[in-house]
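Single-structure report; data block below.
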Amino acid sequence: RAGGGPVEWAEWSRLCDGHGPLAVGHCHPLVVQAAHEQNQVLNTNSRYLHDNIVDYAQRLSETLPEELCVFYFLNSGSEANDLALRLARQYTGHQDVVVLDHAYHGHLSSLIDISPYKFRDLDGQKEWVHVAPLPDTYRGLYREDHPSPAAAYASEVERVVRSAQERGRKIAAFFAESLPSVGGQIVPPAGYFSQVAGHIRRAGGLFVADEIQVGFGRVGTHFWAFQLQGQDFVPDIVTMGKSIGNGHPIACVATTQAVAKAFEATGVEYFNTFGGSPVSCAVGLAVLDVLEKEQLQAHATCVGRFLMELLRQQKAKHAIIGDIRGAGLFIGVDLIKDKATRTPATEEADYLVSRLKENHILLSTDGPGRNVLKFKPPMCFSLDNAQYLVAKLDAILTDRSQAITQHT
């Protein structure tokens, strides 16, 4: 957990899969103090204006492109994505949504419908949902040897949009995690989002960047993961959750004046009882303070690069590691059975996760084949933590290789 200065990690708390919510470490004293002090003074619903919500919106605006200047506060990432869908539909007057294959955007009914990761095991794909290929350059349609994977994958979105329009459908929005997580810790090729946004906007839709798992400096070189796509790319809507409150239930939607005014024009007030409450905004402000004070964005860059290099060394040693990809402290290790076919090593991934847990390291898997080890630790994760993790990973893989050799 974080101690506000040097990071102290108990042997049992080496979390490598923080799943995004614990950006600055478990029980960070400054975040705990901010919540406690505001709770002692006032916590009320956001119908009554309080300085904290204004101050927090201002601080968030300083991290985003100036076009994204209207903020709605909520309690969870699912609420944020649900509101983003409402905003897009109201602004465009359209209903349909384009999403990436294997995507997950939340647990509400509206979001299960736009989450192939979920709806394929439930009621199936609705007629207003259109699925584009995941821009995976390791095992997708267009791979690392393609001369222009960004354009190729963007053209697939254009094809999906055109097919929908030919059936009389109208596109309200394209939803994508800025770095698809459930899809397997995917890093879309640079330029992909800009080209996709062009196709979507020409169809009358909006681009929604889901930053719920990957925002707030986690990618290291940028505060928001969508910024990895280039400084000229600006989404129409950005959704935030998880790390925004370091475990406290707060979320946010940022959008443009034009989208917000269209939403207001309905005459139906947007109201969320505890979204943007004084306590929630105090927590949000404290998280931003810690990120800045402890330079955790730069820390994510440094530790992330170090961890990636250690993992690359393991790839050279262990044939089961097919690909290592990521940015900052968002990293995926793709495990394979065979380098030629890149068949997902699902059972082996499960075995690794179980063995790592015995060594007090909590990891989980993602990807369609459940074979991608995902690394999203709290951003106070240290160089020593990285070395410890990779040493344990190496030992387990070495034991496994020796056991296989002895049985052949």
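The values are calculated or read from the model by the stated rules, or taken from the named source; none is laboratory data. Treat the numbers as computed from the prediction; the structure is a model and nothing was measured. Virtual Cβ from ideal backbone geometry, glycine too; neighbours counted across all protein chains shown. The protein model used for the area step is the full one, side chains on, heavy atoms only, and it has no ligands, DNA or RNA in it. Shrake-Rupley method; radii C 1.70, N 1.55, O 1.52, S 1.80 Å.
Key figures
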quantity: Neighbours by Cβ (under 6 Å, 6+ apart or cross-chain): first from the range 153-179, in contact (Cβ under 8 Å) with a residue 12 or more places away in the chain and under 18 Å from Leu134 (Cβ atoms); second open to solvent by 10 Å² or more (accessible area, probe 1.4 Å) and in a helix (DSSP H, G or I); calculated: Ala154/Gln195; Val157/His199; Glu158/His199; Val161/His199
quantity: Test: residue in the range 193-212 that is in the same structural domain as Val283 (by the TED database), surrounded by fewer than 24 Cβ atoms within 10 Å (Cβ to Cβ), of a type in the set (Ser, Thr, Tyr) and closer than 28 Å to Arg143 by Cβ; calculated: yes
quantity: Those residues of the range 230-257 which are surrounded by fewer than 24 Cβ atoms within 10 Å (Cβ to Cβ) and either free of Cβ contacts under 8 Å to residues at least 60 places away in the same chain or closer than 20 Å to Tyr270 by Cβ (or both), in sequence order; calculated: Gly230, Gln231, Asp232, Phe233, Pro249, Thr256, Gln257
quantity: Single match in Gln185, Gln125 (criterion: open to solvent by 10 Å² or more (accessible area, probe 1.4 Å) and either over 25 Å from Ala258 (Cβ atoms) or not assigned by the TED database to the domain that holds Ser364 (or both)); calculated: Gln125
quantity: Residue list for the range 220-229, filter: touching a Gly at 6+ places or on another chain (Cβ under 9 Å) and either among the polar types (S, T, N, Q) or open to solvent by less than 10 Å² (accessible area, probe 1.4 Å) (or both); calculated: Gly220, Thr221, Trp224, Ala225, Phe226, Gln229
quantity: Of the criteria (1) within 25 Å of Ala265 (Cα to Cα); (2) in contact with an Asp or Glu (Cβ under 6 Å, 6 or more places away or on another chain), which one Asp82 fails; calculated: (2)
quantity: Filter result for Gly217 (open to solvent by less than 20 Å² (accessible area, probe 1.4 Å) and either free of Cβ contacts under 8 Å to residues at least 60 places away in the same chain or farther than 20 Å from Thr92 by Cβ (or both)); calculated: yes
quantity: Residue list for the range 370-395, filter: closer than 22 Å to Lys337 by Cβ and either surrounded by 19 or more Cβ atoms within 10 Å (Cβ to Cβ) or touching an Asp or Glu at 6+ places or on another chain (Cβ under 6 Å) (or both); calculated: Asn371, Val372, Leu373, Lys374, Phe375, Leu393
quantity: So Val131, is it in a helix (DSSP H, G or I) and either in contact with a helix residue (DSSP H, G or I) (Cβ under 6 Å, 6 or more places away or on another chain) or among the hydrophobic types (A, V, I, L, M, F, W, C) (or both); calculated: no
quantity: Residue that is least open to solvent (accessible area, probe 1.4 Å), among those in the range 277-298 that are of a type in the set (D, E, K, R) and more than 11 Å from Ala23 (Cβ to Cβ); calculated: Asp289
quantity: Selection status of Val160, in contact with an Asp or Glu (Cβ under 8 Å, 6 or more places away or on another chain) and not in a loop (DSSP other than H, G, I, E, B); calculated: no
quantity: Qualifying residues in the range 164-182 (those that are buried (at least 21 other Cβ atoms within 10 Å of the Cβ) and of a type in the set (A, V, I, L, M, F, W, C)) - the one modelled with the lowest pLDDT; calculated: Val182
quantity: Qualifying residue in the range 92-101 (condition: in contact with a His (Cβ under 6 Å, 6 or more places away or on another chain) and outside any helix (DSSP H, G or I)); calculated: yes
quantity: Selection within the range 80-101 - buried (at least 23 other Cβ atoms within 10 Å of the Cβ), within 17 Å of the chain's Cα centre (by Cα) and of a type outside the set (A, V, I, L, M); calculated: Asn81
quantity: Which listed residue is within 26 Å of Arg325 (Cα to Cα), of a type outside the set (D, E, K, R) and surrounded by fewer than 21 Cβ atoms within 10 Å (Cβ to Cβ), from Tyr117, Tyr104; calculated: Tyr117
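Each row is one residue, and each column tells you yes or no for (1) at positive phi; (2) among the aromatic types (Phe, Trp, Tyr).
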position: Gln195; (1), (2): no, no
position: Phe207; (1), (2): no, yes
position: Gly217; (1), (2): yes, no
position: Phe271; (1), (2): no, yes
position: Val287; (1), (2): no, no
